[in-house]
Each structure stands twice: as C-alpha cells, then as structure tokens.
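Report on one structure; see the data block that follows.
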Amino acid sequence: MATDMKARQLIKQIPFVSVNNIELISQTSDIQIGAGWEQINLATGGIVWVWRGFIDLAGYTQDELTFFTQAVDVQKAQIPVISAGIDYLNVVDLVTTRKVRDSEIFTNNYKNSFLGWPGDNLDIQEVVYGEWVTSTPYSVTNAAAITLGADSFGSGNPTACDRLHCTRIVTMNGADSGESFQLGGCNYLIGGVTGQEKDLVYIERLRRAYTQDPGRNV
C-alpha cells in the first residue's frame, strides 16, 4: 500500500478542428484551425485524423512517486457538426502510458475495434482511460450530430511513467464527395493521487514502464 498520499489534478486541452474537402479515395483533406492535428493515410485506404500530446509526470518520478488515477473527465465544448454525406463519425479519446504510434491507430480500418482491445498492439494495461463516441448527422438539412453509441473503457492502472499521453482520434465512413466535419475542443481532467510505494513494488512498476515499450515517448 502506498503512503504519503496527496491529491492531484492533471489537465490537458485539445483544440477545435475543422476538416473540409474530404476525399477518402484520394486520401486528401484540408485541416483548418486545428493546431497540432495531423492526417494519417491508412495503407488499406481511408483517412484518420489524430491529435497527440502528453502530460509531464517527470516531477513525480524524480520524487519516486506513483500516480494513481481515480477519475477522468473528457469535457467537450460543443456538438460535432457533420456534413450529410458522412454516414458516421468516430471520435476516440485515450489516456495512455505511452505514445500511440501511427501504425497502431485503427489498424482494423473502419471496424469499431478501438485501441486497447484483443488483437491490438496497445495492451489494455497501457490504456489508463479511453472513451468512444459514434455520431451521425441529424438530417440532410441539419448537420448537428446525434449520438449513435458511446462507451468508456480502460484499466486505470497506477503508473510510474514520466508521461501520460493524451490522444484524440477521428475516423469517418461515408461518401467521397468533399465532405467535412467540425469537432469542438475538449478538456482532459484527470484526478488522482500520488503516493510512495514499497521499494520492490515501485522498482517493478518502473521496470514495466521502461521495458514494456522502449522509446515509447519518441
């Protein structure tokens, strides 16, 4: 059991993004406004849009503290706006103990097999928290999104890593005729505590953090 427990709150903000002129077949789109957003073209066809950042925990690890996540809240600024030609839009938010690689993002293309599930390279123990929301346009004349489904997942594992990685992933399925979507910014609020564990427990946690995936922060 950890001792000297102290409450902490970690915050990461992800900016608004507007993506226009989407052509899935030619794998092109125009990303506007969204600082830090990038487009990834899948080898199997299709496009993924992703934002990746991290929260620095090096100060905790230098003091030999473990961070225990207690609650994660992904606060969304507004309802997504989706053009009528998009059948559905998937938005996945992840808090992980390592960086999510391009090759790991939606390896199953448009199947609803998000990271952290059987068959994925990202182990569930590396997913502290995740949630997904699938939306569709309200109607042909109303681009405001309605939710088709949503859920959360993750292990909530304590970590001695020097970073918590925050990743937002967007995919879509639909027509190939210059579609568009606008996704509001969001806040990741991660509540937890830090504490000191027994030496052997902490050393083993460090070993897993630094050997499970070398170069994870690159």
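Computed from the coordinates by the stated procedures, all read-outs in this text should not be read as laboratory data. This one's a predicted model, so the numbers in the text were calculated from it and none came from an experiment. Don't worry about glycine lacking a Cβ; one is built from the backbone with ideal geometry, like all the others, and counts go over all protein chains shown.
What is the gain in length, in nm to one decimal, between Lys76 and Asp176 on full extension, counting 0.36 nm per residue of separation less the C-alpha to C-alpha distance? Using 0.36 nm per residue and subtracting the Cα-Cα distance, I get 33.2 nm.
Taking other C-beta atoms within 10 angstrom as a stand-in for reagent exposure, Asp87, Asp93, Asp63 fall in the order Asp63, Asp87, Asp93, fewest first. Ranking of Leu24, Leu183, Leu65 by neighbouring Cβ atoms within 10 Å, starting from the fewest: Leu24, Leu65, Leu183. Positive-end ranking of Ile146, Gly174, Thr159 along the dipole of segment 121-218, with charges on Cβ about the Cα centre, is headed by Thr159. Its Cα gyration tensor gives segment 33-109 an equivalent ellipsoid; the semi-axes, largest first and in whole Å, are 30, 17, 12.
Residues Arg8, Arg101, arranged from fewest to most other Cβ atoms within 10 angstrom of their Cβ, appear as Arg101, Arg8. Both radii are taken from the alpha-carbon atoms of the chain; with Rh as the Kirkwood radius, Rg/Rh is 1.01.
Computed about its Cα centre, the charge dipole of the chain is approximately 280 debye, with only Lys, Arg, Asp and Glu carrying charge at their Cβ.
What do you get for trypsin sites (Lys or Arg not before Pro) in segment 128-207 restricted to DSSP loop and a cutoff of at most 13 other Cβ within 10 Å of the site's Cβ? For trypsin sites (Lys or Arg not before Pro) across segment 128-207 that sit outside H, G, I, E and B with at most 13 neighbouring Cβ atoms in 10 Å, the list reads Lys198. Translational diffusion of segment 127-218 was estimated from the Stokes-Einstein equation, with Rh taken as the Kirkwood radius over Cα pairs; at 37 °C and 0.692 mPa s the coefficient is 191 µm²/s. What whole number of Å gives the distance from the Cα centroid of segment 119-160 to the Cα centroid of segment 5-28? If we compute the Cα centre of each part, the gap is 13 Å.
Taken along the Cα-to-beta-carbon direction at a fixed 7 Å, the label points for Asn20 and Ala150 span 2.8 nm. Work from the charge dipole of segment 1-110 (Cβ charges, +1 for Lys and Arg, -1 for Asp and Glu, about the Cα centre) and give the residue of Phe16, Ser103, Gly46 farthest towards its positive end. So the residue we want is Phe16. In the chain, the longest principal axis of the Cα atoms and the axis of helix 199-211 are about 30 degrees apart. Note on the chain: with a GNM built from Cα contacts shorter than 10 Å, the maximum mean-square fluctuation among Ser155, Ser26, Ser135 falls on Ser26.
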